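The values are calculated or read from the model by the stated rules, or taken from the named source; none is laboratory data. All figures in this text were calculated on a predicted structure; none of them were measured in a lab. Every residue, glycine as well, gets a Cβ built from its backbone with ideal geometry; the counts of neighbours run over all protein chains shown. The accessibility values were calculated without ligands, DNA or RNA, using every heavy atom of the protein model including side chains. Shrake-Rupley method; radii C 1.70, N 1.55, O 1.52, S 1.80 Å.
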Amino acid sequence: MPSPILKMHVPAGEIICREGEAGDHAFAIEAGHVEVLCGAGEAATVVATLGPGEMLGEMSMLDDKPRTATVRATEDCVLLVITREQLAGRLERADPVLRMCFDVILHRFRSTQERFVGAGGRGNGAAGPASLARPPAPARPCLRQVLDRIRLEQELRAAIGNGDLALHYQPVVRLADGGLVGFEALVRWQHDTLGTISPAAFVPLAEETGLIHELDAWVMQESCAALSRFNRLGAGTPLSLSINCGAQVLADPGFAEGFERICSAASVAASQIKLEVTETALVNDPEPVMRTLTDCQDVGARIALDDFGTGYSSLSYLHRFPIDTIKIDRSFVGAMLNDPLSGKIVRTIAGLADDLGVELIAEGIETRAQSLALADVGCDLAQGFHYARPMPFRAACALIASQSAIRAAAGGGLETIRAVPAAVPAGAVAVLEAAG
Ligand code: C2E
Ligand code: CA
Ligand code: CA
């Protein structure tokens with residue numbers, strides 16, 4: 001179960017943590033002020049006052065030593081609780097040199113603090129360590145940003161379990177005739193106060209915090225269940241479903257087995273799934289990713305190299321990895337008609353795909369002129385706002401139903417369809433209802 005967002009409301013006068021206690025949590029102050037006290041009873045001395053945007057209790061959490069000060073709320077406070085796991089995960093993933101610097105600084109700070117306390121150096125704080133002696137300060141932007149990320153991480157963790165994530169499906173069409181061949185599943189986060197958040201904003205955060213495993217597992221499960229319902233709408237040839245997979249997730253040795261299990265539970269053929277992987281995912285730790293991709297391909301899945309041309313673009317990836325499809329990045333598609341270099345890159349990629357005998361898809365097609373130019377260079381499939389934007393599940397069902405209706409009217413041939421129709425035929429609604 002994802003843990004809920006950890007916030008604490010502390011009334012004025014209450015102790016937040018005590019000197020000598022074990023420190024399992026740190027706290028970020030969202031509202032109110034606290035005072036930091038050293039010593040007990042009558043001898044207790046205020047050594048610092050902290051306010052919104054500042055953090056307390058982080059040291060004992062990091063080095064597992066008892067707390068060296070007591071902290072008391074001087075006003076009603078709202079505190080964001082930062083757990084040991086949240087910081088430990090980040091430290092584990094941090095650059096080893098940075099971790100070493102961090103350990104050294106923490107150790108030096110502890111020694112200075114012990115000397116300072118041992119020498120009886122309490123009182124107005126002027127002689128104490130700088131970070132304990134400072135007066136109430138406005139929130140520092142850097143810390144603010146860190147806290148915003150920690151808060152967002154907690155909210156994302158909760159969102160995965162609470163049903164606040166949704167999948168939108170962007171149609172993929174055949175360039176030659178505009179026929180619908182499948183969808184790409186794209187995740188959205190419907191945030192209570194921030195509205196719909198783009199995956200470009202939260203997928204990197206999920207990757208940084210390891211939440212990407214839970215997120216992508218949910219996407220796989222949800223999108224395969226959707227595909228199973230698409231299948232029941234009678235689209236003719238089976239539709240494909242493209243799913244984005246990050247490097248960390250693909251490096252998981254249990255991925256291929258989980259993938260097969262999800263396909264079989266949803267009663268969809270693995271051959272309907274295209275796993276979209278970026279070049280970056282293939283660079284850092286290629287061996288486990290290669291094993292996963294090969295295992296998935298062995299059970300029928302196809303592998304697409306996403307954002308092609310933007311990463312390392314070493315041709316050796318195409319040779320070493322089991323790639324079935326190259327997806328030209330939308331930056332080239334967007335610029336290909338105005339910028340001669342982008343046009344050349346697109347033609348070169350098309351030639352490469354042809355030579356290697358792999359399927360070619362272009363993403364980010366926004367105009368008819370771009371679609372014609374891509375058809376000219378022999379591109380097989382297309383995706384972009386020119387055809388359709390990513391849409392919710394029910395709209396995707398309606399689209400499939402409308403395609404089935406059009407195909408029936410055309411006597412089974414798809415040649416008459418130039419692009420995905422914007423309007424949904426009335427007859428499709430009944431099919432849509434049947435899809436649930
Ligand atoms: P992507 O895989 O390159 O996905 C295509 C992105 O291009 C989508 O943005 C889509 O909405 C957008 N797009 C489609 N057609 C057009 C067009 O004609 N013009 C323009 N300007 N944009 C177009 P979106 O949905 O914001 O996704 C951004 C990225 O987030 C994706 O890029 C993908 O890398 C990542 N992502 C999305 N869903 C998932 C997911 O479920 N798991 C993981 N790991 N990553 C995901
Ligand atoms: Ca993609
Ligand atoms: Ca892409």
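Here is how the numbers come out for the structure above:
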| quantity | calculated |
| --- | --- |
| Inter-part distance where the stretch 304-372 and the stretch 218-289 are each reduced to a Cα centre, Å | 22 |
| Highest to lowest packing among 394-403, 147-156, scored as the average C-beta count within 10 Å | 394-403, 147-156 |
| Residue-count net charge about Asp329 - beta-carbon cut-off 11 Å; Lys, Arg +1, Asp, Glu -1 | -2 |
| Square roots of 5 times each gyration tensor eigenvalue, C-alpha, the stretch 15-57, largest first, Å | 19, 14, 7 |
| Estimated D of the stretch 175-309 in µm² per second, where Rh is the Kirkwood radius over Cα pairs and Stokes-Einstein applies at 4 °C, 1.567 mPa s | 83 |
| Taking all pairs of distinct alpha-carbon atoms in the stretch 1-86, Kirkwood radius in angstrom | 13.0 |
| Residue-normalised accessible area of the stretch 215-327, expressed per residue, 1.4 Å probe, Å² | 41 |
| Under 14 Å from the Cα of Lys327 - aspartates and glutamates, other chains or at least 8 residues apart | Glu184, Glu276, Glu279, Asp306, Asp307, Asp354, Glu359, Glu363, Asp380 |
| Peptides ranked, highest mean first, by Cβ atoms within 10 Å: ranges 239-245, 173-179 | 239-245, 173-179 |
| Distant-in-sequence amide H partners of Ala48 (H built 1.01 Å from N, under 5 Å) | Val36 |
| Amide hydrogen neighbours beyond the local backbone of Cys77, cut-off 5 Å, H modeled | Val10, Ala12 |
| Convex hull per residue volume in Å³, alpha carbons only, for the stretch 149-237 | 113 |
| Overall dimensions of the stretch 273-327 as given by Cα atoms, namely Rg and Dmax in Å | 10.1, 29 |
| Vicinal HN-Hα couplings computed from phi for the stretch 168-180 (Karplus, 6.51 cos²θ - 1.76 cosθ + 1.60; Hz; Gly/Pro x) | 10, 10, 9, x, 10, 10, 7, 5, 4, 9, x, x, 6 |
| Residues with amide H under 5 Å from that of Ser240, placed H, sequence gap 5 or more | Gly182, Phe183 |
| Positive minus negative residues near Asn162 (Lys, Arg vs Asp, Glu; Cβ under 12 Å) | -2 |
| Under 18 Å from the Cα of Lys7 - aspartates and glutamates, other chains or at least 8 residues apart | Asp24, Glu30, Glu54, Glu58, Glu75, Asp76, Glu85, Asp148, Glu153, Glu155, Asp192 |
